[in-house]
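Everything on this sheet refers to the single structure shown next.
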Amino acid sequence: MFAYLRALSAANGLYRRGLPIAHGAAVAAYADSDLTHTVIGCFYEVFRELGHGYAEKIYRRALAIVLHEHGLEALQETPLTVNFHGRQIGKFWVDILVNQCLYVEVKAAADIEPYATAQLLNYLKCVGGGVGLLVNFGNELKFRRYIVGLPPKNDTTAVEEH
């Protein structure tokens, strides 16, 4: 959990029913906050309509549709290459790449498993840092926002959990 973001949001009264409500100066408090806020809203919109119990690919496809309806670019199963010493040694496929900058991993499990967190962090390391969302359409909706390497040249990893 990223205590700074939670403390900032709590101090500014920016939480309502677990969703971060970003306004004014708090919007700039973390990278791509407006975009992540919109994607989180779309996540809840999909769940309100579909409920729980579907496979991940159903939620991924539905979330991509809703993201497009909100005017966002949402590329599904985008390949990311892993390079080592100048050679390609593997590939990952991110579930949804939003506006070429936000990496979204969709899960439909009872809870967010540690392997899912590691998977998203590997995506972010693979691309040299950025912002990722791990969303879980389980019995209880959960999401985690990860920020790796932002601002540029910063080696921090931050997480905000709901």
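The values are calculated or read from the model by the stated rules, or taken from the named source; none is laboratory data. What you see is a predicted model, and the numbers here were worked out from it, not measured in a lab. In this analysis, Cβ positions are derived from the backbone assuming ideal geometry, glycine residues included, and neighbour counts consider all displayed protein chains.
Restricting attention to region 127-162, the residues being at pLDDT below 85, crowded, with 18+ Cβ neighbours inside 10 Å and assigned to a loop (DSSP other than H, G, I, E, B) number 1.
Any chance region 60-71 includes a residue that's touching a strand residue (DSSP E or B) at 6+ places or on another chain (Cβ under 7 Å), part of a helix (DSSP H, G or I), farther than 22 Å from CYS101 by Cα and not charged (D, E, K, R)? No, the conditions are met nowhere in region 60-71. Taking region 61-112 as the search range and keeping residues that are among the aromatic types (Phe, Trp, Tyr) and touching a helix residue (DSSP H, G or I) at 6+ places or on another chain (Cβ under 8 Å), which one is farthest from GLY51 (Cα to Cα)? Only one residue tops the list, namely PHE92. Could you identify the single residue in ALA55, ALA74, ALA26, ALA62 that is at pLDDT below 95 and among the small types (Gly, Ala, Ser)? On inspection, the qualifying residue turns out to be ALA26. Filtered by the rule that a residue be under 20 Å from HIS37 (Cα atoms) and not β-branched (Val, Ile, Thr), region 127-137 gives GLY129, GLY130, GLY132, LEU133, LEU134, ASN136, PHE137. Considering region 75-126 alone, what residues qualify as being of a type in the set (D, E, K, R), over 21 Å from ASP32 (Cα atoms) and either part of a loop (DSSP other than H, G, I, E, B) or in contact with a Ser or Thr (Cβ under 9 Å, 6 or more places away or on another chain) (or both)? LYS91, ASP111, GLU113 - these are the residues of region 75-126 that are of a type in the set (D, E, K, R), over 21 Å from ASP32 (Cα atoms) and either part of a loop (DSSP other than H, G, I, E, B) or in contact with a Ser or Thr (Cβ under 9 Å, 6 or more places away or on another chain) (or both). There is no residue in region 102-113 that is of a type in the set (Lys, Arg), at pLDDT 95 or above and surrounded by fewer than 16 Cβ atoms within 10 Å (Cβ to Cβ). For first residues located in region 55-76 and over 13 Å from VAL106 (Cβ atoms), partners that are surrounded by 13 or more Cβ atoms within 10 Å (Cβ to Cβ) and small (Gly, Ala, Ser) and lie 6+ apart or on another chain with Cβ distances below 6 Å form the pairs HIS68/ALA74.
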